[in-house]
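Readers should treat all values here as calculations from the given coordinates under stated rules, not as data from a laboratory. As the structure is a prediction and not an experimental result, all values here were calculated from the model. Note: ideal-geometry Cβ built from the backbone for every residue, glycine included; neighbour counts use all protein chains shown.
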Amino acid sequence: MGFVVVGLTGGIGSGKSTVARFFSDELGVPVVDADRIAREVVAPGTPGLAAVVEAFGEGILGPDGALDRAKLGEVVFADEAARRRLESILHPLIGATSMERLAGYAGEGHPYALYEAALLVETGRHETFAALVVVAVDEATQVARVMARDGLDEAAARARLASQLPLADKAAAADYVIDNGGPLEETFAQAREVHAALLARFAEAT
Ligand code: ADP
C-alpha cells in the first residue's frame, strides 16, 4: 500500500487554491482542503458547532442558527486564551475528519494525496508529511493579489500577511517550490513537473 500524504501550502494569496485545483482537476490527484474541513466541522447540526456554542455562547450564531465567523472572530481576536480554547475544540475535529478523508483515498490506487492548508509550517505539521510543496510568489505580487481578490487596501492586505510566517521561510522548508509569480501556464507547467517527481518518488513503493 504505497499511499502517502504530501503537504501543499503557501502564503495568503500565493496561489495555493489555484494550484490545488489544478492538481485535482487536471492531474486527478485527491486533494483534502483543510479550510473546507474547518468549515464543515462547525456546520449547522454538528457536534463541533454545539461545542463552540457551549464555550462562547449563542451570541456567535447568526439569525439562521449558523456560525457567524465574524462574530466569533471578534470574540477570539484580542483574547489569546479564548483563541486557544477555540483551537482546542476545532483542531482535533479537523484532524480526525482530515484523516478520515485521506484514509478514504488510500484504497483507491492513488500513489499520493495532497493536504492543502494555509498553516502547516507555522504549526510544525509539515514534518508529518511525506513531502512538502510550497506555492511561492514575491511579496509585492502576494499583496497585490490579496488586495484584488479580497477587495482590501494595501495596509489591510499587509496585516493579513504579517500574521503568517514569511513565504521565504516556508519555501526553505519545502521539498518542491512552485513559483506562481508569472503567468498561470508557467505555474501549471511546474505543477506537472512536481507531480511527475512525486509519482517517481512514491509510486515505486506500491
Ligand atoms: P491562496 O489560496 O494561496 O490564498 P489563490 O489561489 O486564491 O491563493 O490566489 C490568489 C488570487 O490570485 C486569486 O484571485 C487567483 O485567481 C489569483 N492568481 C493566482 N495565481 C495567479 C497567477 N499566476 N496570475 C494571476 N493571478 C493569479
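Taking Cα atoms only, the orientation of helix 139-150 departs from the longest principal axis of the chain by about 50 degrees. Selection among LEU161, GLY151, TYR112 by position relative to the dipole of segment 98-182 gives GLY151 as farthest towards the positive end (Cβ unit charges, Cα centre). Sequentially through segment 78-89, phi angles give Karplus couplings (6.51, -1.76, 1.60; θ = phi - 60°) of 9, 10, 4, 5, 5, 5, 5, 5, 4, 4, 5, 7 Hz, Gly and Pro residues having no value and appearing as x. Here the average projected area of the convex hull drawn through the C-alpha atoms of segment 47-151 stands at 9.7 nm². Two decimals is fine: what is log10 I(q)/I(0) at q = 0.17 Å⁻¹ for segment 1-94, from a Debye sum with one equal scatterer on every Cα and no solvent? Summing over Cα pairs of segment 1-94 leads to -0.86.
Where does each of 139-146, 82-89 land if you order them by average Cβ count within 10 Å, highest first?
Numbers: 139-146: 17.0, 82-89: 15.1.
Descending packing order for the listed peptides: 139-146, 82-89.
Computed over every Cα-Cα pair of the chain and binned at 5 Å starting from 0, the pair-distance distribution P(r) comes out as 1, 7, 14, 17, 17, 17, 13, 8, 5, 1, 0 percent. Antiparallel beta bridges, as assigned by DSSP with both residues in segment 1-135, represent about 5 percent of the total such bridges. Working from Cα pairs under 8 Å separated by at least six residues, relative contact order for segment 51-206 is 20 percent.
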